[in-house]
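The values are calculated or read from the model by the stated rules, or taken from the named source; none is laboratory data. The model shown is predicted, which means the values in this text are computed figures rather than measured ones. Note: ideal-geometry Cβ built from the backbone for every residue, glycine included; neighbour counts use all protein chains shown. For accessibility, only protein heavy atoms count, side chains too; no ligands or nucleic acids. Shrake-Rupley method; radii C 1.70, N 1.55, O 1.52, S 1.80 Å.
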Amino acid sequence: MSNPDSLPDVTPLKSKPDPEHPKPFNTDDIDEEEDDDDDEENDVEYDDEDAKGEVFGEPNRLKPQSREAQFRSEKLKMDSLLQRMQSGPVSVRVHDVIIKGNTKTKDHVIEAETEVLNNVGSMQELLKASQIVNLRLQALEIFDSVKITLDSGPPELPGTANVIIEVVETASPLSGQIGAYTKAEARSSTVEGSLKYKNFFGYGDLWDGSLAYGYDHSAELSAGVFLPRFKGLVTPVTARAYLLSQDWLKFSSYKERSMGLSLGLFSTPYHDLAYNLAWRTLTDPSQMSSRSIRRQLGHNLLSSLKYTFKFDRRNSTMRPTRGYAFVSTTQIGGLAPDSQSLRFLRQEFDLRYVVPLGFYHAALNFGVSGGVVFPWGNGFSSRPSSLPERFFLGGNISPVCALGGPTALWGFKTRGLGPTEPKRQVNNENADPSGVDFLGGDLAVTALADLSFDLPFRWFREKGIHAHVFACAGNVAKLTENEYRNISVQKFVESLRSSVGVGLVIPTSLFRMELNYCYILKKLDHDRAKTGVWLTFSAAS
C-alpha cells in the first residue's frame with residue numbers, strides 16, 4: 001500500500017512520491033493542515049497511461065529526478081485528472097477504508113457512517129461520498145476533527161482507491177450550555193441549562209442532563225442517552241427520563257405533573273417513532289376550577305406511541321423565502337391494560353408554502369394547520385377527551401416558526417381563545433366573579449399569510465433585520481361528549497378569530513424576535529386578545 005502521506009492515487013504509482021510534496025487531497029474539512037502553496041491544497045493525484053509524464057522501465061532502473069521535475073510530473077498528472085473529470089466520469093472503486101486515531105470509539109461506530117463509500121463507481125461520486133461521511137462523523141459530536149484522505153489502492157488492483165479516515169477524539173468530553181428557548185408544545189418560553197458527556201462507553205453515546213424553567217412557572221428535570229448505533233440498528237436510539245411540572249392555574253385552573261420515560265424507537269430525516277410512558281397528575285390548589293376541569297383532576301397513566309412524518313424544503317426556518325414544508329403527527333394513547341390508561345387518538349398536520357416575489361428579497365408565506373383528538377373505547381362519543389391532549393391556541397410564538405400543528409395566532413394570549421366555562425364560585429371577596437377556565441378543544445384549525453421584505457437601508461439588510469405584513473385566523477371547537485352534533489362547517493367558519501398587522505423582525509442565532517402591531521379583526525367575548533404592540537420570541541420548531 002502506498003504511503004498515506006503521499007498524494008492519493010486511484011491507480012498505483014510507479015514512482016515514489018516526494019516527501020516534501022504538498023499534502024494529499026481532502027474533501028470539505030477533511031485536511032486542516034496548512035500548505036506552503038495554497039494552489040496545491042486539496043489535490044487528487046490520478047495516474048494512468050494518459051497522465052504519465054514519462055515512461056519508466058524496471059523499478060531498479062528508474063532515472064533520477066529532481067524534486068522540481070517530480071513536481072512538474074505530478075502537476076501534469078493532476079491537470080490530466082481534472083480535465084478527465086470535467087469531460088466525464090473517472091471510474092474508480094473503493095478497495096479499503098482505513099480508520100485511524102480512534103482510541104476509545106469502536107470501529108463499527110465509524111464504519112456504520114462510511115457505508116456510502118461502498119457504492120461509488122467514479123471519482124466524482126467518491127468525492128461527494130467523502131464529504132457526506134465527513135459531515136456524518138462530525139454530526140456524532142464526539143470528534144474534534146475529522147480528516148479524510150484518498151490514496152491509491154494495491155498495485156495489483158488498478159482503478160481502486162483506499163479511503164483513510166483520521167479522527168481526533170474530543171479532548172473535553174464534558175460540556176454544558178445555557179439558553180432561552182420557545183417550545184411550541186409547551187406554548188411557553190423557557191430558560192434551560194444542560195450538561196453533556198460524550199462517548200462514555202465508546203459507542204458514540206451522548207449522555208445529558210437538563211433543567212428547564214419556564215416563565216409560566218413550568219419546570220422540567222430530565223436525563224437521557226443518545227446511541228447512534230445500537231445492536232446493529234440502522235437508526236439512532238434515544239431514551240429519556242423526565243419529571244415535568246406545568247402551572248396552568250392562570251388559564252385553566254389546574255397544575256400538571258408528569259413523571260415518565262420516553263423512548264425514541266426509530267428516527268430518520270423524514271420519519272420518527274417514539275413511545276412515551278408517564279404517570280400524570282392534575283391538581284387544583286386554588287379550589288376554583290370549573291366543573292369540567294374538576295372531572296379531570298386526579299391520576300392517570302399515559303402510554304402512547306407517536307409517529308411523525310416531516311419534510312422541510314424551505315431555505316430557512318427563521319425567514320423562509322422559498323420552498324415548502326409538511327408535517328404530520330399521529331399519536332395513539334392507551335397502549336396499556338389499565339383502567340386509568342388514557343385512550344385517545346390524536347392527529348395533527350401542518351403545510352407551508354413560500355413564494356419568492358423577486359424584489360427586496362420579498363416572499364409570501366402561506367400556511368394552514370389542523371388537528372383533531374378523540375377518545376376511543378366503549379362509550380367514546382359521550383366521554384370527554386384528556387385535558388392535556390386538547391388543542392389550545394395563542395401564546396407568545398410567531399406562527400411562521402411554529403411548524404408542527406395548530407398552536408399560535410398573532411395578537412392572542414396564551415390559551416386565549418376557545419371553549420370556556422365559569423370558574424367555581426367561592427365566598428371570597430378577592431375572587432374574580434367573571435373568571436373563566438379555558439377548556440381547549442378537540443378540533444383546531446389555523447391559517448396564516450405573511451409577506452416579508454427587506455427594508456431600504458443597508459445596515460438593516462446586513463443584519464438580516466426585515467419587515468413583514470401578516471394576517472392569521474383560527475378556531476377551536478369541542479367534539480366530545482356528543483358536542484359534534486351541534487357543530488357545522490358554517491358555524492365553525494363564522495366563529496373564526498382573526499387578526500392582521502405589521503412588524504419588524506430581528507433574527508438572532510438563537511431565536512427570532514418580532515416587534516409587531518396587531519389589529520384584532522374578530523374575537524369572542526371571553527377571548528384574551530388585544531389590539532396593540534406585541535413583542536414575541538420564537539425558535540425554530
- prompt: In segment 328-377, which residues are within 15 Å of P406 (Cβ to Cβ), open to solvent by less than 10 Å² (accessible area, probe 1.4 Å) and in contact with a Ser or Thr (Cβ under 7 Å, 6 or more places away or on another chain)?
  reply: D350, S369, V373
- line: Those residues of segment 381-418 that are part of a helix (DSSP H, G or I) and within 17 Å of Q331 (Cα to Cα) come to a total of 3
task: Give the residue that is farthest from the chain's Cα centre (by Cα), with candidates limited to residues of segment 279-296 that are crowded, with 18+ Cβ neighbours inside 10 Å and in a strand (DSSP E or B).
output: L282
field: Test: residue in segment 70-86 that is surrounded by fewer than 12 Cβ atoms within 10 Å (Cβ to Cβ), modelled with pLDDT under 50 and farther than 30 Å from V234 by Cα
entry: no
message: If I ask for residues that are aliphatic (A, V, I, L, M) and more than 10 Å from Q177 (Cβ to Cβ), which ones from segment 192-211 would you list?
response: L206, L211
query: For Y275, all conditions in the list (1) open to solvent by less than 30 Å² (accessible area, probe 1.4 Å); (2) more than 30 Å from R512 (Cβ to Cβ); (3) under 24 Å from the mean Cα position of the chain (by Cα); (4) of a type outside the set (A, V, I, L, M, F, W, C) hold save one; what is the number of the exception?
result: (1)
- request: Being charged (D, E, K, R), in a strand (DSSP E or B) and more than 19 Å from the chain's Cα centre (by Cα) is the filter; apply it to segment 144-203 and report the residue that is modelled with the lowest pLDDT.
  value: D151
message: Step by step: first the residues of segment 104-118, then only those that are in contact with a strand residue (DSSP E or B) (Cβ under 9 Å, 6 or more places away or on another chain) and outside any loop (DSSP other than H, G, I, E, B), then the one that is surrounded by the most Cβ atoms within 10 Å (Cβ to Cβ). Which residue is that?
response: I110
query: Has segment 244-262 got any residue that is more than 30 Å from G416 (Cβ to Cβ) and either open to solvent by less than 60 Å² (accessible area, probe 1.4 Å) or over 24 Å from the mean Cα position of the chain (by Cα) (or both)?
result: no
